[in-house]
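Everything on this sheet refers to the single structure shown next.
The values are calculated or read from the model by the stated rules, or taken from the named source; none is laboratory data. None of the values given here were measured: they were computed from a predicted structure. No Cβ is skipped: glycine too gets one built from the backbone with ideal geometry, and neighbour counts run over all protein chains shown.
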Amino acid sequence: MQILLRVSRGFGVVSGLLLFILSFIIFVDVLVRWLAGRPIVGVYESSEVVFVAITFLALALVQCEERHIRIPTLVERLPDRCRGFLDAFADLAGFSFFALILWLASVDWLEAWRGHFVRPGLIEIPNTLHLGFIVVGSFLVCAIYITSSLARLRRLFAYSTAVEGAT
């Protein structure tokens, strides 16, 4: 889990830097468009790819540090064991969702790589670039779901064994 946390933090830093750089580039593009009446060529096309990178590179860190959106009102009132099973179910659902994204994006990436597909626009950006960010981010999120689910289930069954042994 430590390796996944380090990789996730590294991707989180890259995601934050890309967000800063993209914000600056868009600011300059708006300024140039206002002053010169023409946009900077390629900003629109590259921003599409960078938004995908920002999103999928940051997902792993969000999942690893459990900073995703939760509604604790109902869940906090449940017993620990029930809460553990609900968390395990949520992990399974999240893993299934990102595994599906990983599979579909991998198939699309392979097709784009074989066909040398590019995104239409003023500059040609290979489709493999944004699909690669989706594949890498989804893979890392799936790995985090697996490791956190196993740790959660281990704690859950250790807790139930300890409770049964105490009675």
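Go through the range 27-42 and give me each residue that's without any contact (Cβ under 8 Å) to a residue 60 or more places away in the chain and surrounded by 11 or more Cβ atoms within 10 Å (Cβ to Cβ).
Restricting attention to the range 27-42, the residues satisfying the condition of being without any contact (Cβ under 8 Å) to a residue 60 or more places away in the chain are 27-40.
28, 29, 30, 31, 32, 33, 39, 40, listed by residue number.
Looking at residue 45 and the list (1) more than 23 Å from residue 21 (Cβ to Cβ); (2) in contact with a strand residue (DSSP E or B) (Cβ under 6 Å, 6 or more places away or on another chain); (3) not aliphatic (A, V, I, L, M), which single condition is not satisfied?
Here residue 45 meets the rest and fails (1).
Go through 106, 96 for me and flag whichever is in contact with a helix residue (DSSP H, G or I) (Cβ under 6 Å, 6 or more places away or on another chain), modelled with pLDDT of 85 or more and assigned to a helix (DSSP H, G or I).
Within the list 106, 96, the selection yields 106.
Looking at the range 26-53, which of its residues are over 20 Å from residue 134 (Cα atoms), in a helix (DSSP H, G or I) and in contact with a helix residue (DSSP H, G or I) (Cβ under 6 Å, 6 or more places away or on another chain)?
Those that are over 20 Å from residue 134 (Cα atoms), in a helix (DSSP H, G or I) and in contact with a helix residue (DSSP H, G or I) (Cβ under 6 Å, 6 or more places away or on another chain): 29, 43.
Considering (1) in contact with a helix residue (DSSP H, G or I) (Cβ under 7 Å, 6 or more places away or on another chain); (2) in a helix (DSSP H, G or I); (3) closer than 25 Å to residue 141 by Cβ, say which one residue 68 fails and leave the rest.
Of the numbered conditions (1) in contact with a helix residue (DSSP H, G or I) (Cβ under 7 Å, 6 or more places away or on another chain); (2) in a helix (DSSP H, G or I); (3) closer than 25 Å to residue 141 by Cβ, the odd one out for residue 68 is (2).
Output the residue which, of all residues in the range 102-128 that are among the aliphatic types (A, V, I, L, M) and surrounded by fewer than 19 Cβ atoms within 10 Å (Cβ to Cβ), is farthest from the chain's Cα centre (by Cα).
Here the residue is 122.
Answer yes or no as to whether residue 81 is in a helix (DSSP H, G or I), more than 24 Å from the chain's Cα centre (by Cα) and surrounded by fewer than 17 Cβ atoms within 10 Å (Cβ to Cβ).
In short, yes.
Could we say that residue 60 is in contact with a Leu (Cβ under 7 Å, 6 or more places away or on another chain), at pLDDT 95 or above and surrounded by 13 or more Cβ atoms within 10 Å (Cβ to Cβ) here?
no
Being touching a residue at least 40 places away in the same chain (Cβ under 8 Å) and not in a helix (DSSP H, G or I) is true for just one of 122, 156. Which residue is that?
122
Of the residues 45, 65, 76, which is exposed (fewer than 13 other Cβ atoms within 10 Å of the Cβ) and acidic (Asp, Glu)? Steps first, please.
Values: 45 fails: exposed (fewer than 13 other Cβ atoms within 10 Å of the Cβ); 65 fails: exposed (fewer than 13 other Cβ atoms within 10 Å of the Cβ).
One residue alone meets the criteria, 76.
Here are some residues: 24, 89. Which one is surrounded by fewer than 16 Cβ atoms within 10 Å (Cβ to Cβ), within 19 Å of residue 146 (Cβ to Cβ) and of a type in the set (Phe, Trp, Tyr)?
The unique qualifying residue is 89.
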